[in-house]
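Visitor: Right, I'll just put the structure down here and ask away after.
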There are 2 protein chains.
Amino acid sequence: MTIRWLARHAGVSVATISRALRHPDRVAPETRERILKLVSRYQFVPDGRAATFSSRRTGLVGLVVPTISNSIYAEFTEAIQNRLQAAGLSLLIANANYSAEIEAGIIRKLIESRVEGVILTGYKRDAALYNLLRHYRIPFVVTWSTSPEPAIPSISFDNYAAATEAVEMLISLGHRRIGLICGVTDINDRAAQRFDAYRSALLRHKIRFEPELVSEQPFEIEVSAEAATRLVTRKNPPTALFCANDIQALGALFACQRLNVRVPEDISLIGFDDLPITRVVNPPLSSVHVPAKLMGQAAADALIDAARNGIPVTGQTVGTELMMRGSTAPAASANTKIR
Amino acid sequence: MTIRWLARHAGVSVATISRALRHPDRVAPETRERILKLVSRYQFVPDGRAATFSSRRTGLVGLVVPTISNSIYAEFTEAIQNRLQAAGLSLLIANANYSAEIEAGIIRKLIESRVEGVILTGYKRDAALYNLLRHYRIPFVVTWSTSPEPAIPSISFDNYAAATEAVEMLISLGHRRIGLICGVTDINDRAAQRFDAYRSALLRHKIRFEPELVSEQPFEIEVSAEAATRLVTRKNPPTALFCANDIQALGALFACQRLNVRVPEDISLIGFDDLPITRVVNPPLSSVHVPAKLMGQAAADALIDAARNGIPVTGQTVGTELMMRGSTAPAASANTKIR
DNA sequence: GTTAGGTATGTAACCGGTTACATCAACTGA
DNA sequence: TCAGTTGATGTAACCGGTTACATACCTAAC
């Protein structure tokens with residue numbers, strides 16, 4: 001079942017079939033109707049590979065996310081998808097599972113399928129991958145973190161500034177023992193930047209940085225709850241916990257509930273991402289609102305412009321907002337013992 | 001940059017280049033080395049469309065999920081991805097957003113890209129779509145629900161049986177006023193089947209079905225919390241709530257906490273999906289464990305077999321397990337007033 | 001009546017790999 | 001020494017659309 005076969009049956013040439021499908025206004029109405037009737041009778045679906053192959057445009061944009069488990073990426077993905085769809089482009093979603101090797105394989109696959117743009121999560125990766133994309137003149141954009149290298153366009157919020165704001169807030173509320181739960185900084189540059197912000201904020205306020213108050217964990221709620229349990233049950237527990245991710249903050253919140261550590265009376269919590277669930281739990285969880293949707297739209301728009309009009313992708317910073325809710329309170333004036 | 005260009009530069013034919021890349025053992029070691037050196041020097045990435053186009057094998061499997069927000073699909077997706085990757089196939093993930101129109105468009109796109117298999121979520125869709133897939137001899141499998149039509153192979157658990165078990169459990173604990181929060185049954189056949197099971201279980205036990213105790217809602221935690229609030233603050237509130245989805249169950253749990261309705265003393269809860277978070281909240285949430293991973297693996301294996309060896313996909317039922325946790329308790333013997 | 005311009009359609013090259021088949025050299029064994 | 005076999009490589013058709021260009025026909029204007 002090819003356009004040649006249809007052409008024979010309709011008594012026209014292949015070009016007319018192709019035109020009837022792609023540019024219906026360029027064939028005579030009666031011819032068009034005859035062809036479309038055949039197409040629907042035989043349920044003909046043209047081969048997209050052949051089409052993109054000969055037209056030299058794939059209409060494809062690739063998105064590489066580190067995980068699909070975290071629903072913050074779902075919102076991001078949907079924003080991108082909607083934007084691309086409106087522009088007549090399709091999205092290829094790929095999950096790198098926080099692995100550099102898998103990601104490299106994915107990027108290669110995307111180049112093989114000749115995508116017209118790539119949206120990446122995080123900036124930290126082998127320079128060879130960036131070079132490969134540039135070599136194939138595939139516009140790309142980094143999201144969720146900003147590369148220090150100006151040649152790598154990033155459409156992102158400022159992880160460092162956002163985390164700084166959260167930690168500074170805790171400090172301004174009088175907290176001096178502040179714990180941190182964050183992602184694994186080796187494989188997650190967002191976590192690394194938030195970690196840096198945490199440490200710098202403490203130093204700036206002459207608060208000693210204590211490695212024992214920091215816990216790097218993969219983003220699983222059970223693991224996070226255990227990590228929080230360990231922090232909170234120390235002899236000298238922190239009075240506040242900054243969690244570089246809402247999943248981890250929720251794990252911490254539930255762990256505290258289980259241990260009868262009162263939030264925010266005994267310990268203050270601030271999360272990151274501002275997932276919808278933060279507004280529903282008890283107490284509602286303070287969190288850094290991340291403009292995932294806006295960021296996705298801007299990234300998609302930039303790639304659409306690049307693919308359509310050859311406009312180079314330029315970086316952009318979108319704002320975050322610290323949402324203060326019931327999980328955060330001033331430190332008890334005295335160093336009240338917990339429990 | 002094509003294999004023809006490389007062939008000229010290497011002083012060999014295009015066939016040798018192609019072989020050096022696809023079947024390295026079929027070219028002389030020295031020739032191979034010379035070619036591969038050129039390939040890496042010029043960062044040559046062969047055009048995948050041309051490759052699949054001429055070899056008549058795309059190595060692609062499509063997955064259509066109704067949402068990527070719910071992490072239960074993440075586990076499912078990852079299981080599929082791992083299985084396919086091991087078999088040398090790639091996964092195309094597409095999000096239908098609970099829309100039949102979007103789904104139809106996606107399926108068409110998948111056929112256009114000549115995928116070698118399709119994994120669908122839910123069985124209820126226009127028969128024309130199934131016919132189209134069959135017409136193109138694309139093996140497909142339905143997951144997450146079982147089609148009553150035997151010609152539509154389903155690898156799934158039994159929604160009706162699983163929901164029945166949960167409701168029967170509540171009844172056996174003495175509950176007589178049992179509410180239901182579920183997805184929108186018009187667009188979600190899983191929700192519809194669970195709804196049916198709920199109603200049938202009540203009738204079987206001579207418990208009057210009260211439509212006011214049922215709330216169909218999209219899977220958003222805030223919306224679910226509001227729905228639960230409405231149910232629980234009725235004059236004559238239910239003593240148990242079956243939630244056909246953990247997101248909704250969590251919304252209900254947090255709403256109850258906020259209203260000072262004690263779980264499970266005042267109201268028992270059972271969810272569905274057994275997300276990791278159910279084990280961390282307080283009290284831990286009873287839930288129907290769904291073998292998402294197993295189901296994904298089985299679906300992937302079936303399609304691999306179909307694509308590789310032409311073995312027709314056959315249906316299969318995987319088991320669920322009701323996980324009883326702290327959110328469920330026997331009904332208070334008298335009809336104690338809540339609050 | 002001739003020519004210019006427009007519309008509908010056909011012809012065929014082309015996109016960039018893959019692979020069946022052909023070719024040729026080198027080696028094996030009688 | 002020569003037929004037979006093996007291994008390495010080349011030739012060219014092919015996958016199924018798209019589209020530049022050619023062609024044929026019709027209408028309108030001078």
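Visitor: State the answer as a single residue: which of B:211, B:130, B:82 lies farthest towards the positive end of the charge dipole of chain B, with beta carbon charges of +1 for Lys and Arg and -1 for Asp and Glu, about the Cα centre.
Guide: It is B:82, whose Cα lies furthest towards the positive end.
Visitor: Picking from B:210, B:220, B:30, which is most flexible by a Gaussian network model of chain B using Cα springs under 10 Å?
Guide: B:30
Visitor: Report the local net charge at residue B:112: Lys and Arg +1, Asp and Glu -1, summed over other residues whose C-beta lies under 9 Å from its C-beta.
Guide: +3
Visitor: Please report, in cubic angstrom per residue, the volume enclosed by the convex hull of the alpha-carbon atoms of the stretch A:247-339.
Guide: That works out to 100 Å³ per residue.
Visitor: Size of the dipole of chain B about the Cα centre, Lys and Arg at +1 and Asp and Glu at -1 on the beta carbon, nothing else charged, in debye to 20?
Guide: Charge dipole of chain B: 880 debye, to the nearest 20.
Visitor: Could you work out the percent of alpha carbon pairs in the stretch A:159-289 separated by over 25 Å, rounded to a whole number?
Guide: For the stretch A:159-289, the fraction of Cα-Cα distances above 25 Å is 12 percent.
Visitor: Taking the Cα centre of the protein assembly as shown as origin, work out the dipole magnitude from +1 charges on Lys and Arg Cβ and -1 charges on Asp and Glu Cβ, in debye rounded to 20.
Guide: Charge dipole of the protein assembly as shown: 1480 debye, to the nearest 20.
Visitor: Near residue B:38, within a Cβ-to-Cβ distance under 12 Å, what is the net charge of the other residues, with Lys and Arg +1 and Asp and Glu -1?
Guide: Spelling it out: positives minus negatives among the neighbours equals +4.
Visitor: Based on other C-beta atoms within 10 Å, arrange B:198, A:160 from fewest to most.
Guide: A:160, B:198
Visitor: While we're here: Return, for the Cα atoms of the stretch B:3-46, the radius of gyration and Dmax in Å, separated by a comma.
Guide: 8.9, 23
Visitor: To the nearest 20 debye, what charge dipole does the stretch A:111-235 have about its Cα centre, counting +1 at the Cβ of each Lys and Arg and -1 at the Cβ of each Asp and Glu?
Guide: Its charge dipole is roughly 460 debye.
Visitor: Right, here's the next one. Placing +1 on the Cβ of each Lys and Arg and -1 on the Cβ of each Asp and Glu in chain A, which of A:18, A:250, A:117 has its Cα farthest towards the positive end of the resulting dipole?
Guide: Value: A:18.
Visitor: Could you work out the mean count of beta carbons from other protein chains within 10 Å of each residue's beta carbon in B:36-43?
Guide: 1
Visitor: Scale the Cα Rg of the stretch B:40-168 by the rule-of-thumb value 2.2 N^0.38 Å and send over the ratio, two decimals.
Guide: 1.20
Visitor: Quick one: helix A:292-309 against the long Cα principal axis of chain A, what's the angle to the nearest 10°, folded into 0 to 90?
Guide: Long axis of A:292-309 versus the principal axis of chain A: about 30 degrees.
Visitor: Provide the per-residue ³J(HN,Hα) series for the stretch A:118-135, in order, calculated from phi with Karplus coefficients 6.51, -1.76, 1.60 and θ = phi - 60°, each as a whole number of Hz, with x at glycine and proline positions.
Guide: Whole-Hz 3J(HN,Hα) from phi for the stretch A:118-135: 9, 10, 10, 9, x, 9, 7, 7, 3, 4, 4, 5, 4, 5, 4, 4, 5, 4.
Visitor: Out of A:166, A:201, A:320, whose Cα points farthest toward the positive end of the dipole of chain A (charges: +1 Lys, Arg; -1 Asp, Glu; placed on Cβ)?
Guide: After comparing all options, I get A:320.
Visitor: Sticking with this structure for a sec: Which angle from 0 to 90°, rounded to the nearest 10, does the C-alpha axis of helix B:189-204 make with the longest principal axis of chain B?
Guide: Its long axis makes an angle of about 30 degrees.
Visitor: Let me ask something additional. Based on alpha-carbon atoms only, what is the radius of gyration of the protein assembly as shown relative to the globular estimate 2.2 N^0.38 Å?
Guide: Expressed relative to 2.2 N^0.38 Å, the Cα Rg reads 1.06.
Visitor: How crowded by other chains is B:103-114, given as the mean number of beta carbons from other chains within 10 Å of each beta carbon?
Guide: Mean partner-chain Cβ count within 10 Å for B:103-114: 3.
Visitor: Could you pull out every residue, at least 5 positions away or on a different chain, whose amide H is within less than 5 Å of the one on residue A:327? Hs are placed 1.01 Å off N in the peptide plane, and Pro or chain starts have none.
Guide: A:286
Visitor: Test of understanding: in a Gaussian network model of chain B with alpha carbons linked when under 10 Å, which of B:84, B:110, B:21 would top the mean-square fluctuation ranking?
Guide: Result: B:21 has the largest fluctuation of those listed.
Visitor: To the nearest 10 degrees, how steep is helix B:71-86 against the longest Cα principal axis of chain B, on a 0 to 90 scale?
Guide: Helix B:71-86 sits at roughly 30 degrees to that axis.
Visitor: Based only on other Cβ atoms within 10 Å, what is the fewest-to-most ordering of B:318, B:167?
Guide: Going from sparsest to densest Cβ surroundings: B:318, B:167.
Visitor: I would also like to ask the following. Can you show me the helix-derived [θ] at 222 nm for chain B, built from DSSP H runs with n ≥ 4 at -39,500 (n - 2.57) apiece and divided by the number of residues, rounded to the nearest 500.
Guide: The helix contribution divided over chain B gives -14000 deg cm²/dmol.
Visitor: Please state the equivalent ellipsoid semi-axes for the stretch B:89-147: what are the square roots of 5 times the Cα gyration tensor eigenvalues, largest first, in whole Å?
Guide: Computed over the stretch B:89-147, the values are 16, 13, 12 Å.
Visitor: Tabulate in residue order the Karplus-calculated ³J(HN,Hα) for the stretch B:46-60, using 6.51 cos²θ - 1.76 cosθ + 1.60 with θ = phi - 60°, rounded to whole Hz; enter x for Gly and Pro.
Guide: Ordered by residue, 3J(HN,Hα) equals x, 6, x, 5, 4, 4, 5, 5, 7, 8, 6, 9, 8, x, 10 Hz.
Visitor: What shape does the stretch A:156-236 take by its C-alpha gyration tensor, where a ≥ b ≥ c are the square roots of the eigenvalues and a/c under 1.5 counts as rounded, a/b above b/c as prolate, and the rest as oblate?
Guide: It comes out oblate by the Cα gyration axes.
Visitor: For residue A:214, list long-range residues whose amide hydrogen, built 1.01 Å from N in the peptide plane, is under 5 Å from its own amide hydrogen.
Guide: A:180
Visitor: Still on this structure, I have one more. Amide H neighbours of residue B:60 under 5 Å, counting only residues 5+ apart in sequence or on other chains, H built in-plane at 1.01 Å?
Guide: For residue B:60, whose amide H was placed from the backbone, the distant partners under 5 Å are B:90, B:116.
Visitor: If we count every other residue with Cβ under 10 angstrom of residue B:122's Cβ, Lys/Arg +1 and Asp/Glu -1, where does the sum land?
Guide: +1
Visitor: Give me the distance between the Cα centres of the stretch B:95-149 and the stretch A:105-134, rounded to whole Å.
Guide: A separation of 30 Å, based on Cα centres.
Visitor: Moving on. May I ask you to evaluate 6.51 cos²θ - 1.76 cosθ + 1.60, the Karplus curve with θ = phi - 60°, for each residue of the stretch A:8-16 and list the ³J(HN,Hα) values in order in whole Hz, giving x for glycine and proline?
Guide: 4, 5, 8, x, 10, 8, 4, 4, 5
Visitor: Considering all projection directions equally, how large on average is the shadow of the alpha-carbon convex hull of chain B, in square nanometres?
Guide: For the Cα atoms of chain B, the hull's average projected area reads 20.4 nm².
Each reported figure results from applying straightforward, stated rules to the coordinates on display, with no laboratory input. Bear in mind the structure is a predicted one, so any value in this text is a computation, not a measurement. We place every Cβ from the backbone using ideal geometry, glycine too, and count neighbours over all the protein chains shown.
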